[in-house]
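Input: a single structure, listed below in structure tokens.
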Amino acid sequence: MTDTTPTYSGPMRVFSGVQPTGNLHLGNYLGALKKFADLQKAGHDCLFCVVDLHAITLPVEKGALVSQTRQIAAAFMAAGVDPAKSVIFPQSAVLAHAELAWIFNCVARMGWVERMTQFKDKAGKDAERASVGLFTYPVLQAADILAYKATHVPVGEDQKQHLELSRDIAERFNREYGAPGFFPLPEPMIQGPGARIMSLKDGTKKMSKSDPSDLSRINLIDDADAIANKIKRAKTDAEPIPGTVEGLEGRPEVANLVGIYAALSGQTATSVLAEFEGKGFGAFKPALAEVTVAHLAPITARYRELLADPEGIDRVLADGAERARAVSEPVMQDVRRTVGFWGA
Ligand code: TYM
């Protein structure tokens, strides 16, 4: 028998979020920001959110949220997101996120959330002392996406499990409330060599804001000298560059550097390997530094320029919040009615 359950028939809509915690790095750029700009350029309807409600699941330095929120908004724009086309906004300015998260807390099952590996990583050994918010964090992430009925979510590979949870929550809501096709099952967009950028010091660990060594990552605010120095000091091995992708097996640091080169130059790993086959790192690293600086320098310059005008960023955020509310409020009206609340 064929499945006749109605599927979602609304428009394609892109949503993603970035936490206002610490400096953005090359992993955030290639895994997320660059894709945001590419999707907007392809003409899609996009919302990009600075997820400050997510940021408070861990302690935040007093008074730091506002400037960190502006920094992320500036980074979106510096990476090529145009606020006239895409909606850039702070999560806390749109109440729908918190409201829908509560409803989804009652849809998601304990067992689903307990499986989330990011909670285990972030809570560490002392999970008993972690905030309840850190535990239900992925449920809020589902609400972020579904408050806009977003269908596509560009993220790095580390968000895959959270996106699967969002699909499970959407599916269960639709079933539990007898509303087939109400929410779309959002598609993660994780493809490409930039989806998983690793630490420059350890090719088995992802590049991360929280790594104590600054040499492990390239920050979006690093200047050309800092970038060249970090690439020069990046971990490699004694073998030359292989000619095929199979030759990268068991060489995570080399695979990572080749992946970065490919992502920044818009090539496949195969074509990068064809160009550098048999060469040593004395030749490859300077070439990688050149490609990285050439790509990032204009973005960094624009980022600094934007940060010099905080009022300008605030105007973008205020306008974005208003547009985001206009999209999510009708969805929330339908959600309240579907759940069966008084007055809805
Ligand atoms: P966050 O703020 O940790 O990271 C922002 C984005 O950067 C990607 N990323 C990476 N990509 C490739 N290589 C890396 N080393 C790397 N490190 C980080 C992340 O995958 C992410 O796309 N939970 C999310 C924020 C969020 C969200 C959402 C995302 C909240 N609500 C709704 C999408 C949709 C997070 O903490 O990302």
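The values are calculated or read from the model by the stated rules, or taken from the named source; none is laboratory data. Keep in mind that this is a model prediction, so the values were computed, not measured. With ideal geometry, Cβ positions are generated from the backbone for all residues, glycine too; neighbour counts draw on all protein chains shown. Side chains are part of the model used for accessible areas, which takes the heavy atoms of the whole protein and leaves out ligands, DNA and RNA. Shrake-Rupley method; radii C 1.70, N 1.55, O 1.52, S 1.80 Å.
Condition check: within 24 Å of residue 302 (Cα to Cα), in contact with a helix residue (DSSP H, G or I) (Cβ under 6 Å, 6 or more places away or on another chain) and either loosely packed, with under 13 Cβ neighbours inside 10 Å or modelled with pLDDT of 95 or more (or both). Does residue 27 satisfy that? Let's see the steps before the verdict.
Details: within 24 Å of residue 302 (Cα to Cα): yes; in contact with a helix residue (DSSP H, G or I) (Cβ under 6 Å, 6 or more places away or on another chain): no; either loosely packed, with under 13 Cβ neighbours inside 10 Å or modelled with pLDDT of 95 or more (or both): yes.
Answer is no for this residue.
Can you report the number of residues in segment 156-165 which are open to solvent by 10 Å² or more (accessible area, probe 1.4 Å) and near the ligand (Cβ under 10 Å from one of its atoms)?
Final tally of qualifying residues: 5.
If I ask for residues that are touching a strand residue (DSSP E or B) at 6+ places or on another chain (Cβ under 8 Å) and either open to solvent by less than 10 Å² (accessible area, probe 1.4 Å) or over 21 Å from residue 325 (Cβ atoms) (or both), which ones from segment 76-88 would you list?
Scanning segment 76-88 gives 76, 81, 86, 88.
Can you tell me which of (1) within 21 Å of residue 209 (Cβ to Cβ); (2) buried (at least 17 other Cβ atoms within 10 Å of the Cβ); (3) touching an Asp or Glu at 6+ places or on another chain (Cβ under 9 Å) is the one residue 118 doesn't meet?
Unmet for residue 118, out of (1) within 21 Å of residue 209 (Cβ to Cβ); (2) buried (at least 17 other Cβ atoms within 10 Å of the Cβ); (3) touching an Asp or Glu at 6+ places or on another chain (Cβ under 9 Å): (2).
Being in a loop (DSSP other than H, G, I, E, B), within 12 Å of the ligand (Cβ to nearest atom) and out of contact with any Phe, Trp or Tyr (no Cβ under 6 Å at 6 or more places or on another chain) is true for just one of 22, 27. Which residue is that?
That would be 22, the only listed residue that is in a loop (DSSP other than H, G, I, E, B), within 12 Å of the ligand (Cβ to nearest atom) and out of contact with any Phe, Trp or Tyr (no Cβ under 6 Å at 6 or more places or on another chain).
Take residues that are within 17 Å of residue 26 (Cα to Cα) and modelled with pLDDT of 95 or more and tell me which of the helices (runs of 4 or more DSSP H) falling wholly in segment 203-318 contain 2 or more.
Fully inside segment 203-318 and qualifying: 224-232, 252-265, 281-307.
From the list 147, 93, 98, exactly one residue is surrounded by fewer than 20 Cβ atoms within 10 Å (Cβ to Cβ), in contact with a helix residue (DSSP H, G or I) (Cβ under 9 Å, 6 or more places away or on another chain), under 13 Å from residue 53 (Cβ atoms) and touching a residue at least 60 places away in the same chain (Cβ under 8 Å). Which is it?
Result of the check over 147, 93, 98: 93.
Among the residues of segment 190-202, write down those that are more than 10 Å from the ligand (Cβ to nearest atom), at pLDDT 95 or above and surrounded by fewer than 23 Cβ atoms within 10 Å (Cβ to Cβ).
201, 202
Mind checking which pairs have a first residue in segment 30-58 that is closer than 30 Å to residue 257 by Cβ and outside any helix (DSSP H, G or I) and a second that is among the small types (Gly, Ala, Ser) and open to solvent by less than 10 Å² (accessible area, probe 1.4 Å), Cβ under 8 Å, 6 or more apart or different chains?
Taking only residues 6 or more apart or on different chains, the pairs are 48/16; 48/86.
Tally time: how many residues in segment 268-303 are closer than 17 Å to residue 80 by Cα and surrounded by 13 or more Cβ atoms within 10 Å (Cβ to Cβ)?
Residues in segment 268-303 being closer than 17 Å to residue 80 by Cα and surrounded by 13 or more Cβ atoms within 10 Å (Cβ to Cβ): 9 in total.
Report yes if some residue within segment 59-72 is within 10 Å of the ligand (Cβ to nearest atom) and under 15 Å from the mean Cα position of the chain (by Cα); otherwise report no.
yes
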